[in-house]
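The values are calculated or read from the model by the stated rules, or taken from the named source; none is laboratory data. Quantities reported herein were computed from a predicted structural model and do not represent experimental measurements. Glycine gets a Cβ as well: all are built from the backbone with ideal geometry, and neighbour counts include every protein chain shown.
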Amino acid sequence: MILLLFSIASIAHLLALHFAPGEVALKLGTKIVPILILIFFSFWEASWKDRSGKYIFIGLIFSLFGDTFLALPGNYFVFGLGSFLVAQIFYSIGFSVGNPVHIIRLIPYFAYGALFYVWILPGLGTSLLIPVGIYVSAICVMGWRASSREVSRAAFWKSVAGSLLFMASDSLIAMRKFTEVPIPWIGFWVMLTYYAAQFLIYESTEEN
């Protein structure tokens, strides 16, 4: 049921992006519905009471704030960035509860974060150097913590895939905002990877 509802809501937003890009209210409304669905089912199924589920639940709520800020007209990028930063922190905590450190698994995430940050650095501007640097660090830590979980095989791969898709979505946003790399349908790919990431992260709490 949740997969069907989430898929329909996600497709509705992608269609709104394509057919009504200038309708702010429609884009905002359709954008937040998929995350509202995950929040509702998290609460309804009590997965938020799990030892890590409660942190994922809080992360979903801050993701909802981030979605809202980034969809509003005007310059709310920093507020959206801050909301998603908090979400990443809570996801990282959720992935870390009861799991080992596995410091060696940090290496590929650290390398990617450092190289990507250096690449987009010329387009950041002075005011965003530190906020974006902190965010890149946070999302790479989230990916590392997902890869360090010792849970069921299904839960592990859902969290790893979800974190990697989240990193891909945020990387595309950064490329669109801070570089001149042309990517056809970039808004579509940003939201597709984002929704897939959030769903997989939500699903990863069910088998802890």
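Numbers below:
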item	result
Residue check for Val151: among the hydrophobic types (A, V, I, L, M, F, W, C) and either modelled with pLDDT of 95 or more or farther than 27 Å from Gly98 by Cβ (or both)	no
Selection from region 11-29 of residues that are in a helix (DSSP H, G or I), in contact with a Leu (Cβ under 8 Å, 6 or more places away or on another chain) and either free of Cβ contacts under 8 Å to residues at least 40 places away in the same chain or under 20 Å from Ala197 (Cα atoms) (or both)	Leu14, Ala16, Lys27, Leu28
Close pairs (7 angstrom Cβ cut-off, 6 or more residues apart or separate chains): under 20 Å from Tyr55 (Cα atoms) in region 94-114, part of a loop (DSSP other than H, G, I, E, B) and among the charged types (D, E, K, R) anywhere	Phe95/Arg149; Val97/Arg51; Gly98/Arg51; Asn99/Arg149; Asn99/Glu150; Pro100/Glu150
Answer residue from region 116-126, given it is over 20 Å from the mean Cα position of the chain (by Cα) and not polar (S, T, N, Q) and is modelled with the lowest pLDDT among those	Gly125
Conditions (1) at pLDDT below 95; (2) surrounded by fewer than 13 Cβ atoms within 10 Å (Cβ to Cβ); (3) of a type outside the set (Ser, Thr, Tyr); number of the one not met by Val97	(2)
Per-region count, region 132-154, residues surrounded by 17 or more Cβ atoms within 10 Å (Cβ to Cβ) and under 17 Å from the mean Cα position of the chain (by Cα)	14
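Conditions (1) touching a Gly at 6+ places or on another chain (Cβ under 8 Å); (2) closer than 15 Å to Ala168 by Cα; (3) polar (S, T, N, Q); (4) without any contact (Cβ under 8 Å) to a residue 60 or more places away in the chain, marked per residue:
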{"residue": "Phe116", "(1), (2), (3), (4)": "no, yes, no, yes"}
{"residue": "Leu121", "(1), (2), (3), (4)": "no, no, no, yes"}
{"residue": "Gly125", "(1), (2), (3), (4)": "no, no, no, yes"}
{"residue": "Leu128", "(1), (2), (3), (4)": "no, no, no, yes"}
{"residue": "Tyr135", "(1), (2), (3), (4)": "no, yes, no, yes"}
{"residue": "Val141", "(1), (2), (3), (4)": "no, yes, no, yes"}
{"residue": "Arg145", "(1), (2), (3), (4)": "no, no, no, yes"}
{"residue": "Ser148", "(1), (2), (3), (4)": "no, no, yes, yes"}
{"residue": "Val151", "(1), (2), (3), (4)": "no, no, no, yes"}
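Results for (1) modelled with pLDDT of 95 or more; (2) within 26 Å of Phe19 (Cα to Cα); (3) crowded, with 19+ Cβ neighbours inside 10 Å, shown as yes or no for each residue.
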residue: Ser163; (1), (2), (3): yes, no, yes
residue: Ser169; (1), (2), (3): yes, yes, yes
residue: Met175; (1), (2), (3): yes, yes, yes
residue: Glu180; (1), (2), (3): no, yes, no
residue: Val190; (1), (2), (3): yes, yes, yes
residue: Tyr194; (1), (2), (3): yes, yes, yes
residue: Phe199; (1), (2), (3): yes, yes, yes
residue: Glu207; (1), (2), (3): no, no, no
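Let's see how each residue does on (1) part of a helix (DSSP H, G or I); (2) of a type outside the set (Phe, Trp, Tyr); (3) crowded, with 20+ Cβ neighbours inside 10 Å:
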site: Phe110; (1), (2), (3): yes, no, no
site: Ala114; (1), (2), (3): yes, yes, no
site: Pro122; (1), (2), (3): yes, yes, no
site: Ile130; (1), (2), (3): yes, yes, no
site: Ser159; (1), (2), (3): yes, yes, yes
